[in-house]
1. If the requirement is being more than 16 Å from residue 28 (Cβ to Cβ), in contact with a Gly (Cβ under 6 Å, 6 or more places away or on another chain) and not basic (Lys, Arg), which of these qualifies: 264, 275, 251, 297?
2. What's the total number of residues in segment 56-77 that are surrounded by fewer than 23 Cβ atoms within 10 Å (Cβ to Cβ), at negative phi and either in contact (Cβ under 8 Å) with a residue 60 or more places away in the chain or touching an Asp or Glu at 6+ places or on another chain (Cβ under 8 Å) (or both)?
3. Is it the case that some residue within segment 219-226 is in a helix (DSSP H, G or I), under 16 Å from the mean Cα position of the chain (by Cα) and within 29 Å of residue 292 (Cα to Cα)?
4. Can you tell me which residues in segment 40-55 are assigned to a helix (DSSP H, G or I) and either among the polar types (S, T, N, Q) or touching a Gly at 6+ places or on another chain (Cβ under 9 Å) (or both)?
5. How many residues are within 13 Å of residue 152 (Cβ to Cβ) and at pLDDT 90 or above when one looks only at segment 193-212?
6. Out of everything in segment 174-209 that is β-branched (Val, Ile, Thr) and part of a helix (DSSP H, G or I), what residue ends up being farthest from residue 48 (Cα to Cα)?
7. Filter segment 245-278 down to the residues that are farther than 21 Å from residue 184 by Cβ and small (Gly, Ala, Ser) and list them by number.
8. What number of residues within segment 142-156 are out of contact with any Phe, Trp or Tyr (no Cβ under 8 Å at 6 or more places or on another chain) and of a type outside the set (D, E, K, R)?
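The values are calculated or read from the model by the stated rules, or taken from the named source; none is laboratory data. Just so it is clear, the model here is predicted, and its values are computed rather than measured. So basically every Cβ, Gly included, is an ideal-geometry build from the backbone, and we count neighbours across all protein chains shown.
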Amino acid sequence: MSKKSKNNKRKKTIKLWVEGARLRTLPLAIAPVALGAGIAKADSAFNLGLTLLALAVALFLQIGVNFANDYSDGIRGTDTKRVGPLRLTGSGSTKPELVKNTAFAFFGLAALAGLAIVLITGFWWLIAVGVACIVAAWYYTGGKKPYGYSGFGEIAVFVFFGLVATVGTTYIQTRSVDQTSLILGSALGLFASAVLMVNNIRDRELDQHVGKRTLAVKIGATWSKVLFLAMLWLPMVLLTLVALVYPSLALVWFIVLLLAPATLIFVMAKTAKDLILVLKLTSFVALGFGLLALLALSL
């Protein structure tokens, strides 16, 4: 093999690994931590060190679950005829065991960051929460009966990438759970669920063919679209309610500048490429929501 061919192969492999990490989903990990930090700041309890550790937990878990999904879907054959980007396992470019080990390596990094939080705060019960997060991440598509194949993925995403991440980031700093973190955490949970829903709408026909009973498969094309739009706009209703107590949060309404185009593109979508764009925009809507909330609550 020539040197040029080796370089091209190496570049292709690196590209697949980067795609395997699914960087477009990382805003969903950053957003709830930013939001939780903002709520802590509004309560005069902000701690930069704890916030960064919470961010590390969220990012490592997100990357870990992405590689775990790549491995599990790949060995089941679910990704063989996928319409989105190629996967490491499904494309046959990488040994499945390597992808699985990479997933657990990131879970391990998340566990270490979480353990640091426990040692600093003294909240030993958080270990149970961390274990639950890792178990949920693996069994989304892993194991004999993955819940992601039974239509419960959106619920899990809502809980862990909305409520748990937001309330957890707030709690380790303020040492309390308040309504603001619950309501706005629910808003981010809805955005995260919307990202998964539009992904499953894109793959609905293939998933149905391979026996993957996602929520989009269960409720059909029309109701999937209705539910996605509800997930996309209900967070703004929740935001408006909280803004009655924290008027500065009206600033977050600027996210409509991304939300409106995402809605329009989704309604007019005709191809998988259109839905991938909606997925990316929705991820950035979630990130913008979290960052603007942090800014607003810091004013």
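1. Numbers: 264 fails: in contact with a Gly (Cβ under 6 Å, 6 or more places away or on another chain); 275 fails: in contact with a Gly (Cβ under 6 Å, 6 or more places away or on another chain); 251 fails: in contact with a Gly (Cβ under 6 Å, 6 or more places away or on another chain).
Testing whether each residue is more than 16 Å from residue 28 (Cβ to Cβ), in contact with a Gly (Cβ under 6 Å, 6 or more places away or on another chain) and not basic (Lys, Arg) leaves just 297.
2. 1
3. Quick first cut of segment 219-226, residues in a helix (DSSP H, G or I) only: 219-226.
Cutting the leftovers down to under 16 Å from the mean Cα position of the chain (by Cα) gives us none.
No; the residues of segment 219-226 include none that is in a helix (DSSP H, G or I), under 16 Å from the mean Cα position of the chain (by Cα) and within 29 Å of residue 292 (Cα to Cα).
4. As a first pass, look at segment 40-55 and keep what is assigned to a helix (DSSP H, G or I): 40-42, 48-55.
51, 53, 54, listed by residue number.
5. Pass one, segment 193-212, residues within 13 Å of residue 152 (Cβ to Cβ): 193, 196-197, 200, 212.
So of that shortlist, the ones also at pLDDT 90 or above come out as 193, 196-197, 200.
Matching residues across segment 193-212 total 4.
6. If we filter segment 174-209 for residues that are β-branched (Val, Ile, Thr), which is where we start, we get 174, 177, 180, 183, 195, 198, 201.
Subset that is part of a helix (DSSP H, G or I): 174, 180, 183, 195, 198, 201.
Working: 174: 13, 180: 20, 183: 23, 195: 28, 198: 34, 201: 38 Å.
This residue is 201.
7. Going through segment 245-278, the residues farther than 21 Å from residue 184 by Cβ turn out to be 261, 264-278.
Hits for segment 245-278 are 269, 272.
8. 6
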